[in-house]
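The block underneath contains the structure these notes are about, expressed in structure tokens.
The values are calculated or read from the model by the stated rules, or taken from the named source; none is laboratory data. As the structure is a prediction and not an experimental result, all values here were calculated from the model. Heads up, the Cβs are rebuilt from the backbone with ideal geometry, glycines too, and the neighbour counts pull from every protein chain shown.
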Amino acid sequence: MVMRVAGALLLVLGCEARSDPGSGRATQVSTNADTGRPAAPKASDERTAEREALFREVEREAEVKDPRVLAALRRVPRHRFVPARLSEVAYEDRPLPIGHDQTISQPTVVAVMTAAVAPASTDRCLEIGTGSGYQAAVLAELCARVYSIEYLAPLARFAEENLRGAGYLENRVALRTGDGYQGWPEAAPFHVIVVTAAPESVPKPLLSQLAPGGRLVIPVGPEGAVQELELWLRTGPGDAPGAFDRRTLMAVRFVPFLGDGR
């Protein structure tokens with residue numbers, strides 16, 4: 001759903017992102033990557049007309065012009081990342097429930113957030129909130145490697161099944177069930193961090209894990225209220241405010257960020 005709030009674009013979506021206070025077990029899953037890497041042969045040929053129609057709409061509504069981002073969205077089969085009962089509506093530009101009070105984000109939101117962090121083919125990317133695995137798959141089309149953390153263990157398993165089923169092979173995505181607030185320190189630094197739930201302030205561990213020139217996109221604000229989608233760019237060393245450039249992109253509404261460190 002897309003609305004206007006105080007002159008800004010409001011993207012209303014569900015809660016694909018949370019972090020899990022669980023065991024911290026990591027599961028390795030892989031995806032196909034950017035142009036020149038093998039694509040998923042079966043999933044990539046499914047429902048192509050629906051995908052094309054959807055992403056023409058996304059390009060128009062989100063005003064995303066980055067051809068790499070749009071191509072990645074076209075390549076990832078969204079119907080492989082929703083429950084089977086919702087497959088028929090997978091290519092509507094709206095969030096869909098995936099169980100456990102969570103949703104897969106609407107494609108417009110995925111496009112805006114992905115374009116904001118401008119992933120490069122050599123980048124190491126971190127996602128907080130795996131959900132069904134859709135955003136991780138999109139990032140994996142663009143990055144060298146993706147690390148994704150999910151709060152809920154059942155959703156982490158669901159994401160792994162979806163990524164495998166869509167033909168994303170090994171050594172592209174690492175999944176972890178753990179506290180997303182703390183990031184993934186042993187895999188840091190990251191060139192790109194995408195957070196898909198809203199804390200009231202940006203977690204300091206995530207800022208500290210940004211590489212030089214790294215970009216972080218995150219919704220920030222109180223639960224149940226309109227929040228701001230922020231883009232942070234590391235411009236210098238350290239964690240002082242002067243080490244980052246912060247921009248507000250638009251008004252949004254996300255579910256709250258959950259984790260032990262919040």
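The figures follow:
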item	result
Residues of segment 146-175 satisfying the condition of being assigned to a strand (DSSP E or B) and either within 22 Å of Pro95 (Cβ to Cβ) or modelled with pLDDT of 95 or more (or both)	Val146, Tyr147, Ser148, Ile149, Glu150, Val173, Leu175
Whichever residue in segment 85-96 is part of a helix (DSSP H, G or I) and either at pLDDT below 95 or not aliphatic (A, V, I, L, M) (or both) and, among such residues, is nearest to Thr114 (Cα to Cα)	Ser87
Residue within segment 61-75 that is at positive phi and modelled with pLDDT of 95 or more present	no
Condition met for Thr114 (modelled with pLDDT of 95 or more and surrounded by fewer than 21 Cβ atoms within 10 Å (Cβ to Cβ))	no
Out of Leu206, Leu229, sole residue that is in a helix (DSSP H, G or I), at pLDDT 90 or above and crowded, with 18+ Cβ neighbours inside 10 Å	Leu206
